[in-house]
Amino acid sequence: MSVLEPSLVPVFEEVVRRNPGEAEFHQAVREVFESLAPVVAKHPQYADEEIIRRLCEPERQIIFRVPWTDDAGHVQLNRGFRVEFNSALGPYKGGLRFHPSVYLGIVKFLGFEQIFKNALTGMPIGGGKGGSDFDPKGRSNGEIMRFCQSFMTELYRHLGEHTDVPAGDIGVGGREIGYLFGQYKRITNRYESGVLTGKGLTWGGSQVRTEATGYGVVFFVDEMLRDAGDALEGKRVVVSGSGNVAIYAIEKVHQLGGVVVACSDSAGYVVDEAGIDLDLLKDIKNTRRGRMSDYADERPGARFLEGGSIWDVPCDIALPCATQNELDAGGAAALARGGCTIVAEGANMPTTPDAIRTLREAGVRFAPGKAVNAGGVATSALEMQQNASRDSWTFAHTEERLEQIMRSIHDRCLETADEYGVPGDYVAGANIAGFIHVADAMLALGHI
Ligand code: NDP
């Protein structure tokens, strides 16, 4: 672990004391703090006004009961969360995650990251995150719908297009957003399109929102390559996960001339030297809601490896797009040995602190999720813009906006890293640029 700037040590200790047992939240806070030494030195007003301490305390944390009835008629019980972290720049904005691992510490880490990510986009959105420990795996459509309806029956009172605007995340895609929006509309008697993003194209959604996070990841990587006088053409790429982010990252890599040779789910990974067959992958994951093992069964030449580490597959570029802390120091060392030169995070905090250190020592360029995967929330903000003006843009126009946003986030990271004396450090650049944007807004708004 790097040493913290001395004035930040008591602040970090306070975060750990006030949020006991929330390891992922502590990890996310520490990672930002490790970048802030040059900022604290240059801008004493942030310490004078306790900006950093205030940033670590969510504005509001909501925890609620979610009872629902399964297909057998039994009452099931889950816990719902919404952490409204910071609204200095706009309404709280961030996704909902349905996964059995969800607890307050996961929602807080995601909400904290979201503040800086949203600030980096330059769009008027604050940071928040939510979800539930509900496990959608193996649940029928009717069960998913009843769960979403019960979840929204409590959450709706906290939402609004100017207040808090959720979207999807792990376990929450277009189907779930539909059920959540339907229940919000029913309870409030308002067709308030701007209250949720990730909506279907025929009822208020935006072109490219589905593809945005994955496409944005690859636009960012493409810009990293350009910066080094290189291009994606002919590169071997490994993508972990096979959900929303992974699928559209694979699609854009293929469009730009690279080849994705492996992807995964929580049971194992597939290696397909001919390049992942996207039509088959989409059919299995999106239509049939199947598993990666089905892909290997149906695709000649592909192998499924149960368990094991996808990072053992040699590649030029690795894109972790599944979940937090999925790439550890061993995986990072394997990537470096296999010739990998770029790791860019499609997921939120997928790389452990030890793995980041290992990558750096091996000379692998590393870019953090809060910059690399910001295309999803940026396109959500574009969806809000279209909803507010009752307009809908074409796919080409929306994708062009996304591409511009990603290339400008990339440049902002590097410019900020240069300005603060850490050239080429994407982590510091993203953390400092995001922090200063939100900190200045907090200064302007007074002690709130
Ligand atoms: P999905 O639910 O669509 O897909 C998640 C994928 O990750 C699945 O392949 C899943 O496999 C795998 N996965 C999930 N949990 C684990 C685990 N504990 N161990 C191993 N694999 C796991 O989610 P998204 O693609 O939307 O999200 C992926 C990541 O990207 C998350 O970190 C999310 O926060 C981040 N992100 C998403 C954005 C979006 O717009 N959707 C925006 C920005 C960031 P299995 O099916 O076996 O569980």
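The values are calculated or read from the model by the stated rules, or taken from the named source; none is laboratory data. Keep in mind the model is a prediction, meaning the values are calculated, not measured. Cβ placement follows ideal geometry from the backbone for every residue including glycine, while neighbour counts extend to all protein chains displayed. Please note that ligands, DNA and RNA were not included when accessible areas were found on the heavy atoms of the full protein model with its side chains. Shrake-Rupley method; radii C 1.70, N 1.55, O 1.52, S 1.80 Å.
Identify, among ILE409, ALA167, LEU327, the residue whose Cα sits farthest towards the positive end of the charge dipole of the chain, taking +1 on the Cβ of Lys and Arg and -1 on the Cβ of Asp and Glu, with the dipole about the Cα centre.
About the Cα centre, the residue reaching furthest to the positive side is ALA167.
Largest first, please: the extent of the C-alpha atoms of the stretch 60-191 along each principal axis, to the nearest Å.
Ordered largest first, the stretch 60-191 gives principal extents of 47, 33, 23 Å.
For HIS410, HIS162, HIS43, give the ranking by accessible area with the largest first, probe 1.4 Å.
Values: HIS410 0, HIS162 155, HIS43 35 Å².
Listed by decreasing accessible area, they come as HIS162, HIS43, HIS410.
Any idea how many Lys pairs in the chain come in under 18 angstrom at the alpha carbon, given 8 or more places apart or on separate chains?
So the count works out to 18.
Suppose the chain between GLU13 and GLU306 were pulled fully straight at 0.36 nm per residue; how much longer would it get relative to their current alpha carbon spacing? Mind dumping the intermediate values first?
Numbers: separation 293, 0.36 × 293 = 105.48 nm, distance 4.02 nm.
Full extension from GLU13 to GLU306 adds 101.5 nm.
For ARG236, what accessible area in Å² do you get when you roll a 1.4 Å probe over the heavy atoms of the protein chains, rounding to the nearest 10?
Here the residue's solvent-accessible area equals roughly 60 Å².
With point charges of +1 on the Cβ of Lys and Arg and -1 on the Cβ of Asp and Glu, referenced to the Cα centre of the chain, which listed residue (LEU4, LEU232, GLY94) lies farthest in the positive direction of the dipole?
GLY94
So what's the stretch 6-55 giving for Rg/Rh, alpha carbon basis, Kirkwood Rh from the mean inverse pair distance? Walk me through the numbers on the way to the answer.
Values: Rg = 10.9 Å, Rh = 11.3 Å.
Looking at the stretch 6-55, the ratio lands at 0.97.
Separation between the ASP48 and VAL75 pseudo-spin-labels, each 7 Å from Cα along Cα→Cβ, expressed in nm?
If labels sit at ASP48 and VAL75, their model points lie 5.7 nm apart.
Express the accessible area of the chain per residue in Å², computed with a 1.4 Å probe while the remaining protein chains stay in the model. Walk me through the intermediate numbers first.
Working: 17460 Å² over 448 residues.
Accessible area per residue: 39 Å².
By accessible area of protein heavy atoms, probe 1.4 Å, what ranking do VAL75, VAL172 get, highest first? Before the final figure, lay out each step's value.
Working: VAL75 115, VAL172 10 Å².
Result, largest first: VAL75, VAL172.
Who wins for biggest fluctuation among THR69, THR323, THR352 in a Gaussian network model of the chain, springs between alpha carbons below 10 Å?
THR69
Roughly how many Å² of THR358 are accessible to a 1.4 Å probe, to the nearest 10?
The accessible area of THR358 comes to roughly 40 Å².
Which whole number of Å³ per residue matches the convex hull of the alpha-carbon atoms in the stretch 314-401?
Given the Cα convex hull of the stretch 314-401, per-residue volume reads 100 Å³.
Taking only Cα atoms and a 10 Å spring cutoff, compute GNM fluctuations for the chain and point out the largest among ASN348, ASN141, ASN431.
Among ASN348, ASN141, ASN431, the largest mean-square fluctuation in the Gaussian network model of the chain belongs to ASN141.
Using a 1.4 Å probe, how large is the accessible area of GLU345, given in Å² and rounded to the nearest 10?
Here the accessible area works out near 10 Å².
Please give the calculated 222 nm ellipticity per residue for the chain, where each DSSP H segment of at least 4 residues contributes -39500 (n - 2.57) and the sum is spread over every residue; nearest 500 deg cm²/dmol?
On the way: 18 runs with 209 residues, N = 448.
Roughly -14500 deg cm²/dmol at 222 nm, from the helical runs in the chain.
Within the chain, what whole-number % of the accessible surface is contributed by carbon and sulfur, with the 1.4 Å probe and all protein chains included in the calculation? Intermediate results must be reported in sequence, preceding the final value.
On the way: 8640 of 17460 Å².
It is 49 percent, rounded to a whole number.
Amide H neighbours of ARG97 under 5 Å, counting only residues 5+ apart in sequence or on other chains, H built in-plane at 1.01 Å?
HN-HN under 5 Å from ARG97: GLY130, GLY131, SER132.
Just by accessible area at a 1.4 angstrom probe, what is the order of GLU176, GLU211 from largest to smallest?
On the way: GLU176 10, GLU211 35 Å².
If we order GLU176, GLU211 from most to least accessible, we get GLU211, GLU176.
Mind giving me the nanometre distance, one decimal, between the label points for LYS282 and ARG401, set 7 Å out from Cα along Cα→Cβ?
Rounded to a tenth, the inter-label distance reads 2.2 nm.
Per 0.36 nm of contour for each residue apart, how much would the distance between ASN325 and THR188 grow if the chain were fully extended, relative to their Cα-Cα spacing? Working shown, then result.
Details: separation 137, 0.36 × 137 = 49.32 nm, distance 3.89 nm.
Contour length minus Cα-Cα distance gives 45.4 nm.
log₁₀ I(q)/I(0) of the chain at q = 0.10, 0.13 Å⁻¹, via Debye over equal Cα point scatterers, no solvent, to two decimals?
The calculated log intensity ratios at q = 0.10, 0.13 Å⁻¹ are -0.68, -1.20.
Which residue, ARG407, ARG30, ARG190, has the most motion in a Gaussian network model of the chain that connects Cα atoms within less than 10 Å?
Fluctuation is largest for ARG190.
Place +1 on the Cβ of every Lys and Arg and -1 on the Cβ of every Asp and Glu in the chain, take the dipole about the Cα centre, and give the residue among GLY200, VAL253, SER266 whose Cα lies farthest towards its positive end.
GLY200
Rounded to a whole number, what is D in µm²/s for the stretch 212-372 from Stokes-Einstein with the Kirkwood radius over alpha-carbon pairs (25 °C, 0.890 mPa s)?
Numbers: Rh = 15.2 Å.
Estimated via Stokes-Einstein, D reaches 161 µm²/s.
Modelled label-to-label distance, GLU415 and VAL40, 7 Å Cα→beta-carbon offset: nm?
For GLU415 paired with VAL40, the spin-label model returns 2.7 nm.
GluC sites (Glu not before Pro), restricted to the stretch 225-322: which are DSSP loop and have at most 15 other Cβ atoms within 10 Å? Don't skip to the answer; put the middle values down first.
Values: sites: GLU233, GLU251, GLU273, GLU298, GLU306; in loops: GLU233, GLU273.
Answer in residue order: GLU233, GLU273.
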